[in-house]
Amino acid sequence: MRILSYIQLYFRLVSAGIRAQMQYRFAFIMRIVGMLTAYAGTATTMWVVLYRFDALGQWNYYEMLFLFALAIVSWGFCIILFFHYISLDTYIVNGTFDRFLVRPINPFFHFMSMRFDVASFGQFIFSIVVFLWVSVALSIDWRLSKLLFLLASIVGGVLIQGGMLVMISALAFWTTKSNWFYWVVMFPARNLNNYPLSIYPKVVQWIAAFVVPFGFVNYFPATVILDKTPVGFPAYIGYFSPLVGLIFFTIAYAIWMLGLRRYKSAGS
Amino acid sequence: MAIIEVEHIRKEFKIAKRETGIAGALKSIFNRKFTIKEAVQDISFTIEKGEMVGYIGPNGAGKSTTIKILTGILVPTSGKVLVNGIVPYENRQQNAKNIGVVFGQRTQLWWDLPTIESFELLKEIYQVSDKRYKENMDTFTEILGLDEFINTPVRQLSLGQRMRADIAASLLHDPEILYLDEPTIGLDVVAKEKMRQFIQEINRIRQVTVILTTHDMEDIEKLCKRMILIDHGQKVYDGAIDTVKNRFGKMRTLVVDVEENGKDLVLSGGELIRVEGNRKWIRFNRDEISASQLIAQITSTHNITDLTVEEPTIESIISRIYQEGLSEEAPVSVH
């Protein structure tokens, strides 16, 4: 199938998924509201912490809020596209995954397009509001190049976090139960990202830069946009965010396809 | 020309041994032991274009594993498969264009959406042309009666309706082969009968090759001329259904509860095969003696308090084939 028809098919499948979710209107609205309040809660906690300390490392309140907004905007996009992957183990256990294997399209793509988490638009809107607010407060000069870099690093962040979700889901091909891994890896990593990487021990910083590249989701690109120094790292490191995302996601995809091969030979 | 060729396929599964109790569960986390289960051991067969073949066996015989290999979901441990000239597990997506699959227990439709939307999505997935889609939908609406529920969400369909929708969905892209895995499971008698008619009709008007797994003997009798019987991953019989039906299909078992009165049960034309207290199992050939004749014999000496007549199950046919043997080759032409 050609790329163009894949894109077309993606939108068809996704819109079907949205309509399916709308069938449960109350749950749908509650999810959006829930997301909004959860993030507002996190922002409040941060405000309380910073109210006492005024700043954390060399980061003041608004800069931290920027960091936070950058993290959730890419996470927002990421869960729209990839959150569905953490339920792969349920599909495998129930035997419903086989359906993706008897159709003439790429199963990774097919699985991805089965669900489109519209509810996360709540946090998407929230993050836009925060962005605007912080931009004014910090009087960020949004030149075109800066804006383009922002977009590119959001894409990078989506790919890094999406890649992580994809890798976690791929575990299901080996262990059949992988859902718990999300809470062990993804949850702490995302909480880590709420604060500047420079406040953590060196080991954590290195891991977040070179092993599980969560530093490239928001911290490194934020140092570029806000003209700050990423202590202990070269100043240009933030520019690598989109590339890191691309590489990381490619690896994740390869692992997923490897898992699929193992599933086909081992069964469930 | 054979559309499906299966040569000596084997499929092994590694199964983690589970130990009982909490201590056992903890132990198995650190020291897992595996057993190898051979779900399919050396099965071969060929199927001709347009044939309708029953692939049957008891639960766990390896039916679904074979179907999964034929559809490309699983790779066999060894052996060779060609479906329409394609190795399904190597060219899975290519193979998918030629086949339709219905898993009776799981729908392939979009659960929360009106039924028609699933058809429209599948049209996109299989890239069916507008013209062909319309023609097919017209045909299916006519023979499957889709219009009565086309706008109802799939989750609200009755099981019978859902199966009809699933079959239509699997045929939208004009596949040459249709795999039906337990298409009548859970259906009531009327719905089962209807479903069989649909399958027959589709095979007739489309020349679709149908492979049907089931453990309902009646499905096979009504639909197929040929059956492949498997048990414990091995082929027990492959040939005309009539051979089996004539040999074993006429056997019935009369189960009676009688009041004991010290007298022996005198039977001619029936064979007492099991006794449990007052309950007795008597096997007889329907062509040689009728159930009522047999009952008359019994009532001449005993009072019957309860009775049932059992039809042969696949399990009983298999055990009889083991006991008495049956030639592998079909004595009559299958096609």
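Only the coordinates and a few stated rules stand behind these numbers; no lab work does. Note that this is a predicted model, so its numbers are computed, not measured. Here the Cβ is made from the backbone with ideal geometry for all residues, glycine too, and neighbour counts use every protein chain on show.
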Region A:88-124 scanned against label point 7 Å out from A:Val33 along Cα→C-beta; backbone N under 19 Å for A:118-124
Here the Kirkwood hydrodynamic radius of the protein assembly as shown, Cα-based and in Å, equals 28.5
Here the percent of antiparallel bridges among DSSP beta bridges lying wholly in region B:2-246, to the nearest 5, is 55
Per the helix-only model, chain B has a calculated mean residue ellipticity at 222 nm (DSSP H runs of ≥4, -39500 (n - 2.57) each, divided over all residues, rounded to the nearest 500) of -10000 deg cm²/dmol
A convex hull over the alpha carbons of region B:198-253 yields, per residue, a volume in Å³ of 102
For the A:Tyr239, B:Ile116 Cβ pair and Förster radius 56 Å, calculated FRET efficiency rounded to 0.05 is 0.65
Given a Förster distance of 30 Å, the FRET efficiency implied by the Cβ-Cβ spacing of B:Glu271 and B:Glu218, rounded to the nearest 0.05, works out to 0.80
The lysines whose Cα lies under 30 Å from the Cα of B:Lys280, excluding any fewer than 8 residues away in the same chain, are B:Lys245, B:Lys250, B:Lys263
Per residue convex hull volume, Cα only, region A:173-268, in Å³ is 96
Taking region B:156-211, the whole-percent share of alpha-carbon pairs separated by over 12 angstrom is 65
Rounded to one decimal in nm, the spacing of the 7 Å Cα→Cβ label points at A:Leu4 and A:Thr90 is 3.8
So the FRET efficiency between B:Arg132 and B:Thr152, C-beta based with R0 = 25 Å and rounded to 0.05, is 0.50
Once the in-chain neighbours fewer than 8 apart are removed, the lysines whose Cα is under 30 Å from A:Lys177 read A:Lys264, B:Lys11, B:Lys14, B:Lys17, B:Lys27, B:Lys33, B:Lys37, B:Lys63, B:Lys68
Quick shape summary for region A:3-266, equivalent ellipsoid via Cα gyration tensor, semi-axes whole Å in descending order, reads 33, 21, 18
Everything considered on the Cα gyration tensor (a ≥ b ≥ c; rounded for a/c under 1.5, else prolate if a/b is larger than b/c, else oblate), region B:1-143 must be described as oblate
Taking chain A and counting helices only, DSSP H stretches of n ≥ 4 at -39,500 (n - 2.57) each over all residues, the nearest-500 ellipticity at 222 nm comes to -21500 deg cm²/dmol
If one compares the long axis through the Cα atoms of helix B:115-125 with the longest principal axis of the Cα atoms of chain B, the angle in degrees, nearest 10, works out at 60
Working note, chain B: Cα radius of gyration (Å, one decimal) and Dmax (Å, whole number) are 23.7, 77
Between the alpha carbon centres of region A:232-268 and region A:153-207 the gap in Å comes to 12
The correct pair for region A:51-190, radius of gyration to one decimal and Dmax as a whole number, both in Å and from Cα atoms, is 18.3, 59
Over region B:189-306, the quotient of the Cα radius of gyration and 2.2 N^0.38 Å is 1.44
Placing each pseudo-label 7 Å from Cα in the direction of the beta carbon, B:Ser78 and B:Asp174 end up separated by a distance in nanometres of 4.1
Relative to chain B, whose Cα atoms define the longest principal axis, helix B:159-171 and its Cα axis are tilted in degrees, nearest 10, by 50
For region B:61-124, the Kirkwood Rh over every pair of distinct alpha carbons, in Å, works out to 13.4
Taking a straight Cα-to-Cα line shorter than 23 Å from B:Lys134, and setting aside same-chain lysines fewer than 8 residues away, one finds B:Lys97, B:Lys123
Correct semi-axes for region B:250-324, from √(5λ) of the alpha-carbon gyration tensor and rounded to whole Å with the largest first, are 22, 13, 10
Percent antiparallel among DSSP beta bridges confined to the protein assembly as shown, nearest 5, equals 70
The relative contact order of region B:2-246, taking Cα pairs under 8 Å that sit 6 or more residues apart, comes to a percentage of 26
